[in-house]
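Heads up: the structure comes next, in structure tokens.
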């Protein structure tokens, strides 16, 4: 059965406001599966864009640019901070300040070897998903940023639970549970999940 495009009970995606839904670019998309495929193609294009650049990742302009490259062929709001409330994340007016604070913290952690490279990457990734700066795509965006920081710090990309390819729903549940643990200041389950 194909899920409708903006099915409200889809736990994998943050619900979009009506004004955000209207900014879908491809007119052929009518099903969630088609949206997922279009976004995945766009994300693969973003990976190619990244490979061709020397990147300065810990900068708000780079982060917004990355989100735009990940979703800009699908959504007009790609790379633009959200202006609407969510049941997750910070209030919209706080997004620029909180992103800047997260960047400053990560720069400090790197400069002072505060944490291991994996923990720095995961802590920053978690901060981004907790802020929820964009209308949607925050999880995929934050995981890609975590991978980029890990690579920049000499570590391999994270697997993000891909060892369990048998049941994607269980993988999603494990990811969400590890995010909730990190929200409660226990980062270890998220680090473990990212390397599983």
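The values are calculated or read from the model by the stated rules, or taken from the named source; none is laboratory data. Here the structure is a predicted model, which is why all the values come from computation and not from measurement. When we count neighbours, we look across all protein chains shown, and the Cβ atoms used for this are built from the backbone with ideal geometry, even at glycine.
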Tabulated pairs, the stretch 14-26, first closer than 20 Å to residue 41 by Cα, second at pLDDT 90 or above and outside any loop (DSSP other than H, G, I, E, B), C-beta under 6 angstrom, 6+ apart or interchain: 23/75; 26/38
Mind counting the residues in the stretch 67-93 that are out of contact with any helix residue (DSSP H, G or I) (no Cβ under 7 Å at 6 or more places or on another chain) and surrounded by 20 or more Cβ atoms within 10 Å (Cβ to Cβ)? 1
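How many residues does the stretch 147-158 contain that are crowded, with 19+ Cβ neighbours inside 10 Å and either touching a residue at least 40 places away in the same chain (Cβ under 8 Å) or not in a helix (DSSP H, G or I) (or both)? Let's see the steps before the verdict.
Just the residues of the stretch 147-158 that are crowded, with 19+ Cβ neighbours inside 10 Å, to begin with: 147-150, 158.
When the remaining residues are screened for being either touching a residue at least 40 places away in the same chain (Cβ under 8 Å) or not in a helix (DSSP H, G or I) (or both), the result is 148-149, 158.
Final tally of qualifying residues: 3.
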Counted residues, the stretch 159-173 - those being free of Cβ contacts under 8 Å to residues at least 40 places away in the same chain and either within 15 Å of the chain's Cα centre (by Cα) or closer than 15 Å to residue 122 by Cα (or both): 3
Using the structure shown, decide if residue 48 is modelled with pLDDT under 95 and either surrounded by fewer than 18 Cβ atoms within 10 Å (Cβ to Cβ) or over 21 Å from residue 100 (Cα atoms) (or both). yes
Hits in the stretch 177-186 - residues which are within 13 Å of residue 129 (Cβ to Cβ) and either in contact (Cβ under 8 Å) with a residue 24 or more places away in the chain or loosely packed, with under 14 Cβ neighbours inside 10 Å (or both): 179, 180, 182, 183
Are any residues in the stretch 94-127 loosely packed, with under 13 Cβ neighbours inside 10 Å, out of contact with any helix residue (DSSP H, G or I) (no Cβ under 9 Å at 6 or more places or on another chain) and assigned to a helix (DSSP H, G or I), and if so, which ones? 97, 104, 108, 111
In the stretch 128-146, residue farthest from residue 162 (Cα to Cα) [restricted to those that are in a helix (DSSP H, G or I) and touching a residue at least 60 places away in the same chain (Cβ under 8 Å)]: 128
